[in-house]
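In what follows, a single structure is set out as C-alpha cells and then discussed.
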Amino acid sequence: MSATPIPSETLAPVTEIIDNVAGDTTGSVSDVLNEVAESTGLSELFRNFTGLSLSKVISIAILAVCCLLIIKVIQHCLNRILAKGKIEKSLHSFLRNSVNILLWFLFVLIMASAVGIDVTSLVAVLSVAGLAVSLAVQGSLSNLAGGIQVLTAKPFKVGDYIETNSVSGTVKEIGMAHTKLVTVDNKLIYIPNSEIAGAKIINYNPEERRRVDLVFSASYDDPTERVIAAIRGVIEAHPKALMDPEPFVRLSAFQDSCIDYTVRVWCETGDYWDLYYDLLEQVRTAFDQQGITMTYPHMNVHLLK
C-alpha cells in the first residue's frame, strides 16, 4: 500500500519558510515566528482574539518571565541585606512590603506599555488617586513617618526604660503607628509615633553605669565631719556602690533649719533603684545610731522679758 503524496501547493509555504531561514541565518527569532505564524494561520487567530500577533504575545510572555525573575532576585537580595544588617526588626516587614509594592507597580507599568496601553494616563490616574488617599489618611501617614524615624534613628529599643511627654516606662514594642510602654505599675500606654518622634526622649539604659544623686539634711548642731563619715560608711558597706569613680559626699547648702549634704554614687545601670532606696533607708538608720539629727523645717521663737 503506497502513501498518498502531499500536494505541492500544501508544502509550498513551509518549503518557502525553510528556504528563507536557511538562506538567512542572521534572521531573528521574531522573524521566524512571524513567518511560521503567518503561514499556519495562527497569527490571524491571535489577532481575532487578542489583537496581537503570535510573535508579539510570545515577546510579552518572555518579558513577563524576565521581569518576574528580576523581582525574585531583588527580593532575595533584600532579605539577605535585612538578615545581615543592623536595621531594626520592626522595620523589616515594612521595607519588604514597600519594595514589593514598588516592584509590582513597575511590573504592571512595563507590561501595560508592552501591550500598547498608554502608561502616561495610567500614571496620572494613579497619582491623583494616591494624593486623595494620602490626604484622607494624613494622621496615619504622620504616625507611619514617625515610626520610620524612630526605627531608623534608634533613640531607644525594646526593653529600654525611657521618659517622654511626661510618661515613663519600659518599651514593650515599637510599631509602625504606635510605641507601647509598660509603666512600673503595669499599665500599657500607646504613644503615637508622630508625637514621640518630635518629643524629648530620656533613655536610661544605653550606658552601663548610672549615678545616684541624693541630698541628706542634718542639724546645725552635728559636726560636718561626723555627718560625712556616717554617710561614707553606708556607701562603702553597700555591695552595689562603685568605688571608681570615687563617691562624692560634701556639704552643699545652708538652709533655714538644716545643712544639706550632696551625695553622688555610681553603680551599674541595673542596680540603680536598689542602691537609691537602700541609701535612703540605711543613711537614716546610720544617723539614728550615731545620734545625728535629720531635721525638718521649723522655727525657734525666743521670748525676751
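The lysines within cross-link reach of Lys154, meaning a Cα-to-Cα straight distance under 19 Å and a gap of 8 or more places when in the same chain, are Lys84, Lys86, Lys89, Lys172, Lys180, Lys200.
Normalised by residue number, the volume inside the convex hull of the Cα atoms of the stretch 148-203 is 66 Å³ per residue.
Close amide H pairs (under 5 Å, H built 1.01 Å from N) link Thr179 with Ile191, Asn193, residues at least 5 positions away or on another chain. Restricting the calculation to Cα atoms, the stretch 209-289 shows an Rg/Rh of 0.96 when the hydrodynamic-style radius is the Kirkwood one. Between Thr295 and Ala218, Ser219, the built amide H atoms are under 5 Å apart, and every one of these is 5 or more places off in sequence or on another chain.
Taken one residue at a time, the phi angles of the stretch 104-114 give Karplus couplings (6.51, -1.76, 1.60, θ = phi - 60°) of 5, 5, 5, 4, 5, 5, 5, 5, 5, 5, 5 Hz. Gly and Pro are set to x. For the stretch 201-218, the Karplus equation 6.51 cos²θ - 1.76 cosθ + 1.60, evaluated at θ = phi - 60°, returns couplings of 10, 10, 10, 8, 10, x, 8, 6, 10, 10, 10, 8, 10, 9, 10, 10, 10, 9 Hz by residue, with Gly and Pro reported as x.
Laboratory data are not the source of any read-out in this text; all were calculated from the coordinates shown. Note that the coordinates shown come from a computational prediction; the quantities given were computed from them, not determined experimentally.
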